[in-house]
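Here is the structure we will look at.
The values are calculated or read from the model by the stated rules, or taken from the named source; none is laboratory data. From a predicted model like this one, the values you see are computed outputs, not experimental measurements. FYI the Cβ positions are ideal-geometry reconstructions off the backbone, even for glycines, and counts take in every protein chain you see. For accessibility, only protein heavy atoms count, side chains too; no ligands or nucleic acids. Shrake-Rupley method; radii C 1.70, N 1.55, O 1.52, S 1.80 Å.
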Amino acid sequence: FENDNLLVLNKPAGFAVHKGSGLQFGVIDIIRQLRPGNPDIELVHRLDRDTSGCLVLAKDYPNLRRIQAQLSAASSAKTYLTLLHGELGQAPVEVDLKLMTVRRGGEKRSVVDADGKVALTTFSLREPIGRMSLTQARITTGRTHQIRVHAAAIQHPVAGDKKYTERSLQLAMRKSGLRRMFLHAESITLSPAPGAQSIVLEAPLPDDLV
């Protein structure tokens, strides 16, 4: 989706949103090269490198602040589709655990910590698949690795997650054909212009997760 205010992409897995940590470019760097007429274009939020789906970019600073304010509101809707280990159950699970970003061995991680930042995630079962759960995760905060850490905290880690899932589970998923983390930014609701009604933008589940 694109208009004069913003651009929404269906980001493929494997692309970082910005350069750094040995990467010479990220999605934002590519877009700036492709769109020299939009020198102020900026990421509204981030997605992990191995996460696919809806990624929002604002074309100027006023729209950046406007859309970020929308997405941080309690009424906002940003949903992900994920495959979780274990049987989640029919009732939605609300996780309200504060998160703090730390560095361990030179690697950035998020941990549950009472002194961390507020983080809210709601997990809702979409479909049971054997002893696993295809799940919708809805977030109203955007902390680093939020869904992944909250899923692990309730003993239902994200399938294919190399950072927060036991290695035995990772190996089992690879044998089943899953080659990356099963986390996809499925939809996002936002107002595409000042004063405009909100619209829902959706990105289909990519073939490697289907």
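Computed quantities for the displayed model
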| item | result |
| --- | --- |
| When residues of the range 3-26 are limited to those that are outside any loop (DSSP other than H, G, I, E, B) and in contact with a strand residue (DSSP E or B) (Cβ under 7 Å, 6 or more places away or on another chain), the one surrounded by the most Cβ atoms within 10 Å (Cβ to Cβ) | Leu6 |
| Residue tally, condition crowded, with 16+ Cβ neighbours inside 10 Å and assigned to a loop (DSSP other than H, G, I, E, B), over the range 39-85 | 12 |
| Hey, Leu23 of a type outside the set (Lys, Arg) and within 19 Å of Leu201 (Cβ to Cβ) or not | no |
| Those residues of the range 91-101 which are surrounded by 12 or more Cβ atoms within 10 Å (Cβ to Cβ) and among the hydrophobic types (A, V, I, L, M, F, W, C), in sequence order | Val93, Val95, Leu97, Leu99, Met100 |
| Conditions (1) outside any loop (DSSP other than H, G, I, E, B); (2) at pLDDT 90 or above; (3) surrounded by 16 or more Cβ atoms within 10 Å (Cβ to Cβ); number of the one not met by Leu88 | (1) |
| Test: residue in the range 52-63 that is at pLDDT 90 or above, more than 26 Å from Gly195 (Cα to Cα) and in contact with a Leu (Cβ under 6 Å, 6 or more places away or on another chain) | no |
| Residues within the range 105-134 that are β-branched (Val, Ile, Thr) and over 19 Å from Lys78 (Cβ atoms), tallied | 3 |
| Any chance Asp29 is open to solvent by 60 Å² or more (accessible area, probe 1.4 Å) and modelled with pLDDT under 95 | no |
